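Data block below; observations after.
The values are calculated or read from the model by the stated rules, or taken from the named source; none is laboratory data. The model shown is predicted, which means the values in this text are computed figures rather than measured ones. Every residue, glycine as well, gets a Cβ built from its backbone with ideal geometry; the counts of neighbours run over all protein chains shown. Keep in mind that these areas ignore ligands, DNA and RNA; they rest on the heavy atoms of the full protein, side chains included. Shrake-Rupley method; radii C 1.70, N 1.55, O 1.52, S 1.80 Å.
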Amino acid sequence: MDTTSREYAIQQDSQDPLRRFRDQFVIPTKGDLARKTIKRNASEDERPSIYFCGNSLGLQPKLTRSYFEQYLSTWASKGVYGHFKEIGDTDLAAWLNVDADLQADMANIVGAKTSEVTVMQTLTANLHFMMASFYRPTQERWKIILEGHAFPSDHFAVESQIQLHNLSIKDSMVLIEPPSKDSPLIPTEHILSIIDQHASETALLLLPGIQYYSGQFLDMPKITAYAQSKGIVVGWDLAHAAGNVPTRLHDWNVDFAVWCTYKYLNCGPGSIGGCFVHEKHCQVTELNGAGAGSHSKLGYRPRLAGWWGSSKTSRFDMDNVFEPIPGAAGFQVSNTSVADTTAVRASLDVYKQTSIVELREKSLKLTKYLEDMLDLLAVEQEKTIGRCFSIITPRNPAERGAQLSVLLKHGFLDSVMESLEEAGVVLDERRPDVIRVAPAPLYNSWTDVFDFIEILRQACSKAVKTAPGTSHSVMVDGGKDSKGWSEIK
Ligand SMILES: Cc1ncc(COP(=O)(O)O)c(C=O)c1O
């Protein structure tokens, strides 16, 4: 069969062992996206959109609505009893236990022991909580190494932590820049060489598992082991990795990690975050004599504490003795948002029907198909309208997740995004010139990819004619954005 035909895409979908999951999600229709109201009109386009934006906000599992109804009914009918009374006809835990209820399934997603994972706060807040515990600068070691193009929230969090210790940002923040101005990618060897340069003065290394802009999946085990061999604490931001690629946080000896649940984990906008603390850091020991805390006889890593991190058995004693729960749960601060954990429960109940390894298997194939189809389109365009885009994500599948970042010809972005939106394709842009295309293995299909390529072909043809400041003659030189980054082979 012609692997470039739509029939091939349909055949691949029919052979996809995970195809049943698509039906477990609410996929916005083209009509849904076009209309300015929530309520549907009778005569609108009911075909599903092509949703490639799970790297930003994942789609809603159908289970979520039914779990939310249970949560709302419990609140309505039981009031405060909902905290502690188990209820027969609900899939949800009593509110006092919703955090513990999620630990094992969330730990499976990131490759951790159950006790090493907790859900709490949000990603940036958790980054701060983790740095409060793990960034303890001394005269000898005070620097934090991160990437120069880190997600701004991570950059701000690091800057502010340095300031809170009355240190100079200039002397304390080491930014890893891509070594080539032609590429946003950061080779592992380059990261290791920056670590070498600052090793003896560095307290903390903070990197993204998957870089949000380029889609590069960093060599987490190698980088972690190397930095730790130099005495550096290693934390990872897994915003784009959790639920997307398999990680083995415990085995890789990662010190801490944080992630959000609204991307590949499909828990809804701004939903509660996840947090990993290696078991070696979150044990609670009996002390002889005076304790580490003001009244406690327990030894534990200092943290920004709150009552929800304190032992469940004494939490309501109101005696002001902090007895951290052993494990990551001891880093919790406030009582858990049950609205949020209801969404997490629904999401994990979908994930539980498969595994992150199975999902990765599909994801590798689907993203490779997207890459191949984009390459074919690029070749075709070079012969006709000139080059319109290039892929800046690593070409090696092991070095990327679901997302391919596509660098458009400078000046094309607005026109292409407008055409995609009109045709019911949802993906996101990173100005000035990049679109991020993320087929999520839980709900995207080969047919989605095929249809997207057809729509992109037309969008590029239109942009050639209409994009400001472009003409065929300038385009054929194409492929570089304003940062000068071009295609990575
Ligand atoms: C890599 C990365 N870090 C941090 C954040 C900020 O997350 P939050 O707003 O949940 O704190 C995001 C959000 O998309 C992100 O992609």
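Length gained on full extension, Arg395 to Asp428: 9.8 nm, using 0.36 nm per residue less the C-alpha separation.
Among the trypsin sites (Lys or Arg not before Pro) within segment 55-87, those in coil by DSSP and having at most 15 neighbouring Cβ atoms inside 10 Å are Lys85.
Just the protein heavy atoms count here, and of the accessible area of segment 208-264 at 1.4 Å, carbon and sulfur take up 50 percent. Our analysis of segment 54-99 gives Rg over Rh at 1.08, with the two radii drawn from alpha carbon positions and Rh computed by the Kirkwood formula. Once the 1.4 Å probe is applied to the protein heavy atoms, segment 80-212 comes out at 43 Å² accessible per residue.
Applying the criteria of a DSSP loop state and at most 16 other Cβ atoms within 10 Å to the chymotrypsin sites (Phe, Trp or Tyr not before Pro) of segment 306-382 yields Phe316. Multiplying the residue separation of Asp375 and Lys465 by 0.36 nm and subtracting their alpha-carbon distance yields 30.2 nm.
Put simply, the chain fits an ellipsoid with semi-axes of 41, 30, 18 Å; these come from the alpha carbon gyration tensor as the roots of five times its eigenvalues, largest first. Please compute the contact order of segment 394-445 in relative form: average sequence separation of alpha-carbon pairs under 8 Å and at least six residues apart, divided by the residue count, as a percent. Relative contact order for segment 394-445 comes out at 43 percent. Annotation for segment 115-218: GluC sites (Glu not before Pro) lying in DSSP loop with at most 11 further Cβ atoms inside 10 Å of their Cβ are Glu140. Angle check, please: helix 338-351 long axis (alpha carbons) against the longest principal axis of the chain (alpha carbons), in degrees 0 to 90, nearest 10. Here the helix axis deviates by roughly 60 degrees.
In segment 323-461, inverting the average of 1/r over every pair of distinct C-alpha atoms gives 17.4 Å as the Kirkwood radius.
For segment 101-182, the Kirkwood radius over C-alpha pairs fed into Stokes-Einstein at 4 °C and 1.567 mPa s yields D = 88 µm² per second. Ordering of 53-60, 257-264, 202-209, 25-32 by packing is 257-264, 202-209, 53-60, 25-32, highest average first (other Cβ atoms within 10 Å, averaged per residue). The Rg/Rh ratio for segment 89-133, using Cα coordinates for both the radius of gyration and the Kirkwood hydrodynamic radius, is 1.05.
DSSP beta bridges confined to segment 82-349 are antiparallel in about 45 percent of cases.
Between the listed residues Thr122, Cys275, Tyr226, the Cα displaced farthest toward the positive end of the dipole of segment 82-349, a dipole computed from Cβ unit charges relative to the Cα centre, is found at Tyr226.
Using Cα-Cα distances under 8 Å and only pairs 6 or more residues apart, what relative contact order does the chain have, in percent? If you can, show how the numbers build up before the last one.
Working: 933 pairs, mean separation 96.6, N = 489.
Reported as a whole number, the value is 20 percent.
Oblate is the label for segment 82-349, because a/c, from the alpha-carbon gyration tensor with a ≥ b ≥ c as root eigenvalues, is 1.5 or above and a/b does not exceed b/c. DSSP bridge analysis restricted to segment 143-221 gives an antiparallel fraction near 10%, rounded to the nearest 5. The calculated FRET efficiency for the pair Lys39 and Ser168, based on their C-beta separation and a Förster distance of 60 Å, comes to about 0.60.
Expressed to the nearest 5 percent, the antiparallel share of DSSP beta bridges inside the chain is 60 percent. Does segment 303-403 classify as rounded, prolate or oblate by the C-alpha gyration tensor (a ≥ b ≥ c root eigenvalues; a/c under 1.5 gives rounded; else a/b over b/c gives prolate, otherwise oblate)? Taking the square roots of the gyration eigenvalues as a ≥ b ≥ c, segment 303-403 is prolate. Each Cα pair under 8 Å and six or more residues apart adds its separation to the average, and for segment 345-408 the resulting relative contact order is 29 percent. A simple rule links phi to the HN-Hα coupling: the Karplus curve 6.51 cos²θ - 1.76 cosθ + 1.60 with θ = phi - 60°, which for segment 435-446 gives 10, 10, 10, 10, x, 8, x, 6, 10, 8, 10, 4 Hz, with x for Gly and Pro. Seen through its C-alpha gyration tensor, with square-root eigenvalues sorted a ≥ b ≥ c, segment 1-156 comes out oblate because a/c lies at 1.5 or above while a/b is not bigger than b/c.
The slack between His83 and Phe316, meaning 0.36 nm per residue of separation minus the straight C-alpha distance, is 82.6 nm.
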